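To keep things clear, I will list the structure first and then write my remarks on it.
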Amino acid sequence: MMLLQMQGMFAEYERAKIMERNRRGKLHGARCGNVGVLSGAPYGYRYIRRQPDGTPAQYIVNLHEASVVRKIFSWAGIERLSLGGVVRRLAEKGIESATGKPGWDRSTVWGMLKNPAYKGLAVFGKTKNCAPRPRVRAARNSADILKNGYSVIRSKPDDGIGIPVPAIINSALFLTVNEQLEENRRHARQGRRGAAYLLQGLTVCGHCRYAYYGKKVSKSAAKGGRSILITTVLGRMLTALGAFGCVTINRSGHPCWMKRSGHRSLRCCLSRNG
């Protein structure tokens, strides 16, 4: 038993040393301008691994995907389209995503517009680990306690290490697009949408772990008046024609609406029906 414990101790020490050497090696490679530390290429490029003859890894421009990237930046920077507008334009033209899907996600388009590799400078170290950050609730299908004991956040633009790669767009267009994204973000926050209710996003469904959201419905759409919620517990949080529900669909095909029970507590109909 003692020998087994000593072997485990030395194995943990060696594992820590291997991880440290790996981090120092990647940091040195990034400072030397080696794109091999990125271990992949974004949409618009093709990643060529290090060859046996000593040729370093490199990015090769994919002409078809690069044309799509130029269109996306042109729509967002020159035509001033929002992320939703860019996604709809891609769907109208029948352009498939990198995974072959007919529809694009807004987060994917946002990541492309924020990626400095397209202007010719890939960044190593765009994220970093930090102490666990406070969370309002645990993410869906995840534990309440973080597995690794740390949180991953985006680094400051000056903290990363730039690696030269072939450019698809010019720096002026990239700067214009990011200014437009910041302007869109300010306008979105100034809009009437958002956290219109006090507990919106804070209360979650006990079955699917999705957060409840506020949504106004008409009297004709409210079946049996069950979607009209005015409770003494919520107070003024909901209007007379408001409903508070999550996006999960139950077995009958209806949204997982939250009802008011007899003792004035909030629960999900999906959990109540098993």
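Run the numbers for Arg70 and Ala167: contour at 0.36 nm per residue of separation, minus the present Cα-Cα distance, in nm.
33.8 nm
Can you pick out the pairs among Lys26/Lys147; Lys93/Lys114; Lys93/Lys156; Lys71/Lys156; Lys71/Lys147 whose Cα atoms lie more than 31 Å from each other?
Result: Lys93/Lys156; Lys71/Lys147 exceed 31 Å.
Can you list residues from other chains, or at least 5 along the same chain, whose modelled amide H is less than 5 Å from the amide H of Ala122?
For Ala122, whose amide H was placed from the backbone, the distant partners under 5 Å are Ile163, Val165.
FRET efficiency for Thr55 and Glu182, Cβ-Cβ distance as r, R0 = 41 Å, nearest 0.05?
Given R0 = 41 Å and the Cβ-Cβ separation, E is 0.55.
Bear in mind these aren't lab numbers, they're just calculated from the coordinates by the rules spelled out. Being a predicted model, the structure only gives us computed values, none of them experimental. Every residue, glycine as well, gets a Cβ built from its backbone with ideal geometry; the counts of neighbours run over all protein chains shown.
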